[in-house]
1. Could you check Val240 against (1) modelled with pLDDT of 95 or more; (2) touching a Ser or Thr at 6+ places or on another chain (Cβ under 7 Å); (3) over 22 Å from Gly125 (Cβ atoms); (4) not charged (D, E, K, R) and say which number it fails?
2. If we keep just the residues of the stretch 42-65 that are under 27 Å from Ala176 (Cβ atoms) and out of contact with any Lys or Arg (no Cβ under 8 Å at 6 or more places or on another chain), which is nearest to the ligand (Cβ to nearest atom)?
3. Given (1) over 24 Å from Tyr205 (Cα atoms); (2) modelled with pLDDT under 95, identify the lone condition not met by Arg52.
4. In the stretch 85-126, how many are exposed (fewer than 15 other Cβ atoms within 10 Å of the Cβ) and on the phi > 0 side of the Ramachandran plot?
5. Please enumerate the residues belonging to the stretch 169-226 that are touching a helix residue (DSSP H, G or I) at 6+ places or on another chain (Cβ under 8 Å), open to solvent by 40 Å² or more (accessible area, probe 1.4 Å) and within 16 Å of Pro295 (Cα to Cα).
6. Every residue in the stretch 133-168 that is charged (D, E, K, R), over 27 Å from Met1 (Cβ atoms) and surrounded by 13 or more Cβ atoms within 10 Å (Cβ to Cβ), please.
7. Would you be able to tell me the number of residues in the stretch 194-217 that are more than 8 Å from the ligand (Cβ to nearest atom) and over 15 Å from the mean Cα position of the chain (by Cα)?
8. Ile70 - would you say it is within 16 Å of the ligand (Cβ to nearest atom), β-branched (Val, Ile, Thr) and modelled with pLDDT under 95?
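The values are calculated or read from the model by the stated rules, or taken from the named source; none is laboratory data. Computed from a predicted model, the values in this text were never measured in an experiment. Cβ coordinates were reconstructed from backbone atoms using ideal geometry, including for glycine residues, and neighbour counts include every protein chain displayed. Calculation scope for accessible area: heavy atoms of the full protein, side chains included, ligands and nucleic acids excluded. Shrake-Rupley method; radii C 1.70, N 1.55, O 1.52, S 1.80 Å.
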Amino acid sequence: MKVIDHINESNETLFSFEILPPLKGKSIQSIFNGIDPLMEFKPKFINVTYHREEYIYKERDKGLLEKVAIRKRPGTVGICAAIMNKYHVDAVPHLICGGFSKDETENALIDLQFLGIDNVLALRGDPIKTESSFTPNPNGHKYAVNLIEQIVQMNKGTYTLDDIQLEPTNFCIGAAGYPEKHFEAMNMATDLQYLKQKVDKGADYIVTQLFYDNKKFFEFVDKCRAAGITVPIIPGLKPVTKLRHISFLPKFFNIDFPDELSSELLKCKTDEEVRNLGIEWGIAQTKELKEANVPCIHYYTMSNSSEVKSIASEVF
Ligand code: FAD
């Protein structure tokens with residue numbers, strides 16, 4: 001079933017979460033161990049992230065270096081199929097532009113359709129470590145909006161290489177939004193303009209980057225509505241759980257902690273103290289968002305479900 005139908009059919013805030021495929025060589029049991037404790041909150045769908053290849057240099061004979069592509073977390077499509085089979089819950093694979101040609105994207109979507117997966121979160125992807133800025137595959141997409149256009153074309157039966165119409169796919173498409181602006185955007189206004197373009201081209205709903213200040217989320221929703229974006233907007237939350245998150249999260253996700261949270265974080269001396277504060281903050285954020293009747297809350301578990309469980313136990 002499509003995410004948008006789950007949202008439209010519910011009159012209360014849905015619970016949902018995102019998982020990462022395990023590191024290469026680890027078993028799928030680690031995924032189930034992360035999902036099992038959250039099943040009591042009845043997620044209607046579970047997102048699975050996509051991790052593209054990175055390049056490393058391996059030393060070869062005579063001092064030569066060989067550039068080798070490695071993928072640390074493969075398995076997104078297989079995990080989605082396993083989730084649907086084991087839990088009978090819809091899976092939402094993330095699909096990115098980076099590293100994909102249009103043909104490879106088409107083949108990936110055909111695999112998803114054969115597996116009965118109705119949903120895709122369409123993203124551009126970040127630059128890889130060896131790139132100073134995002135570089136698309138020579139035959140791939142530069143922006144998420146172009147990927148959305150390709151999926152919409154397939155939903156109409158128009159495939160990349162074929163001159164004849166084929167059986168249409170039927171994907172529900174999600175897109176990413178940034179309450180604190182995407183780090184490359186010139187300003188909030190242009191970022192919103194491109195977000196609207198993604199919706200106009202076919203995104204059915206938006207999931208936001210994580211944030212810690214609900215005020216910024218509510219302002220973002222107001223700006224989206226003023227810009228004519230009418231689709232559901234799902235807030236993304238991630239509890240702070242470790243001392244190292246204090247500098248890592250703002251840097252990696254280009255977000256700010258609100259003053260009230262940063263002053264409490266500064267008092268923390270141990271991971272345990274940060275974790276307790278993160279859970280308390282996550283509960284307060286969730287309660288306020290639920291009171292505001294958001295359609296769903298998307299928790300970023302980052303392979304660790306215990307803090308999300310502590311939050312959900314209080315509010316769902
Ligand atoms: P876009 O919408 O393409 O936007 C990228 C930048 O280009 C923005 O600054 C935007 O303002 C600008 N822009 C957009 N369209 C145009 C245009 N037509 N002309 C000029 N400028 C334009 N990354 C992964 O690799 N794997 C994942 O699984 C993953 N999951 C994510 C889940 C969520 C909910 C979110 C919020 C992010 C996720 N990301 C993931 C990260 C995401 O790939 C990065 O944030 C990436 O840098 C931008 O992706 P996007 O889809 O928002 O890109």
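1. Here Val240 clears every test but (2).
2. Let us first name the residues in the stretch 42-65 that are under 27 Å from Ala176 (Cβ atoms), namely 42-55.
The next check asks that each one be out of contact with any Lys or Arg (no Cβ under 8 Å at 6 or more places or on another chain); those that pass are 42-48, 50.
On the way: Lys42: 21, Pro43: 15, Lys44: 16, Phe45: 13, Ile46: 13, Asn47: 7, Val48: 8, Tyr50: 4 Å.
It comes out as Tyr50.
3. With (1) over 24 Å from Tyr205 (Cα atoms); (2) modelled with pLDDT under 95 applied to Arg52, the lone miss is (1).
4. 2
5. Asp204, the sole residue that qualifies.
6. Filtering the stretch 133-168 for residues charged (D, E, K, R) gives 142, 149, 156, 162-163, 167.
Next, from what is left, pick out any that are over 27 Å from Met1 (Cβ atoms): 142, 162-163.
Lys142 - this is the single residue of the stretch 133-168 that is charged (D, E, K, R), over 27 Å from Met1 (Cβ atoms) and surrounded by 13 or more Cβ atoms within 10 Å (Cβ to Cβ).
7. Number satisfying all stated conditions: 11.
8. Values: within 16 Å of the ligand (Cβ to nearest atom): yes; β-branched (Val, Ile, Thr): yes; modelled with pLDDT under 95: yes.
Here the answer is yes, as Ile70 does meet what is asked.
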